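Okay, structure first, notes after.
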Amino acid sequence: IDNATGQIRAMVGGFDFATSKFNRATQARRQMGSSFKPIIYTAAIDKGYTPVSMFVDEPISYPAGPNQPPYAPLNYDRKFEGPVTLRRALEDSRNIPAVKALAELGPQTVIDYAVRFGFPANLPPYLSLALGAAESTLVDVTSAYTAFPNQGVRMTPYAVTRIADRDG
């Protein structure tokens with residue numbers, strides 16, 4: 001996507017249109033994973049956190065509801081680094097600080113920010129949202145990221161730039 005206009009410059013939605021008409025870039029909903037973390041940290045910065053705000057990267061668990069085991073997220077490397085800045089947590093994609101940030105901000109605050117980035121309003125208000133457990137399409141995630149180089153303005157993706165018949 002051209003960040004300045006929203007024009008889709010290239011899209012690969014599959015490997016052979018004759019075999020499958022399913023466009024994985026626009027139709028496949030998949031978990032966003034760590035690509036969702038910048039949305040959380042954007043909300044955090046808007047709410048007064050700074051790049052040097054500290055989070056403690058340590059084992060933690062949260063109640064998950066009646067008759068459920070506690071929710072105990074882990075970092076990808078299964079290690080804990082202790083105090084880390086927001087910037088370092090984002091740079092290294094640390095899971096625990098992202099979950100803590102979402103918990104401190106509240107899931108609905110983060111969802112409200114996600115909607116402003118173009119994601120649907122029905123994202124689940126769970127702490128696992130911090131780890132990208134919600135689903136979205138590749139084109140929606142790519143469109144959301146256009147807000148970063150555009151001072152917060154998200155570009156709506158479009159592919160058709162001109163329609164002409166055989167006479168022009």
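The values are calculated or read from the model by the stated rules, or taken from the named source; none is laboratory data. The model shown is predicted, which means the values in this text are computed figures rather than measured ones. Cβ sites come from the backbone with ideal geometry, for glycine too, and all protein chains shown count toward neighbours. Surface areas here come from the heavy atoms of the whole protein model, side chains and all, with no ligands, DNA or RNA. Shrake-Rupley method; radii C 1.70, N 1.55, O 1.52, S 1.80 Å.
Data overview
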read-out	value
Among (1) of a type in the set (A, V, I, L, M); (2) assigned to a helix (DSSP H, G or I); (3) under 30 Å from Asn23 (Cβ atoms); (4) open to solvent by 40 Å² or more (accessible area, probe 1.4 Å), the one test that Ile111 misses	(4)
Selection status of Ala89, within 27 Å of Ile1 (Cβ to Cβ), buried (at least 17 other Cβ atoms within 10 Å of the Cβ) and touching a helix residue (DSSP H, G or I) at 6+ places or on another chain (Cβ under 8 Å)	yes
Pairs, first within 12 Å of Thr5 (Cα to Cα) in segment 141-152, second surrounded by 13 or more Cβ atoms within 10 Å (Cβ to Cβ) and aromatic (Phe, Trp, Tyr), C-beta under 9 Å, six or more apart	Ser143/Phe117; Ala147/Phe117
Given (1) over 11 Å from the mean Cα position of the chain (by Cα); (2) open to solvent by less than 90 Å² (accessible area, probe 1.4 Å), number of the condition Leu129 does not satisfy	(1)
Number of the exception - Phe15 against (1) of a type in the set (Phe, Trp, Tyr); (2) open to solvent by less than 20 Å² (accessible area, probe 1.4 Å); (3) under 30 Å from Arg162 (Cα atoms)	(2)
Every residue from segment 27-47 that is assigned to a loop (DSSP other than H, G, I, E, B) and open to solvent by 60 Å² or more (accessible area, probe 1.4 Å)	Gln27, Arg29, Lys47
Among residues of segment 48-58, those that are in contact with a helix residue (DSSP H, G or I) (Cβ under 8 Å, 6 or more places away or on another chain), assigned to a loop (DSSP other than H, G, I, E, B) and either among the basic types (Lys, Arg) or open to solvent by less than 90 Å² (accessible area, probe 1.4 Å) (or both), counted	5
Members of segment 67-77 found to be of a type outside the set (Asp, Glu) and exposed (fewer than 13 other Cβ atoms within 10 Å of the Cβ), listed by number	Asn67, Gln68, Pro69, Pro70, Ala72, Tyr76
Residue list for segment 74-98, restricted to those being over 14 Å from Ala130 (Cα atoms) and part of a loop (DSSP other than H, G, I, E, B)	Asp77, Arg78, Lys79, Phe80, Glu81, Asp92
Residue among Ala121, Ala159, Ala134, Ala164 that is surrounded by 13 or more Cβ atoms within 10 Å (Cβ to Cβ) and hydrophobic (A, V, I, L, M, F, W, C)	Ala134
Matching option when the condition is hydrophobic (A, V, I, L, M, F, W, C), free of Cβ contacts under 8 Å to residues at least 12 places away in the same chain and either open to solvent by 60 Å² or more (accessible area, probe 1.4 Å) or in contact with a Phe, Trp or Tyr (Cβ under 9 Å, 6 or more places away or on another chain) (or both), among Phe22, Phe80	Phe22
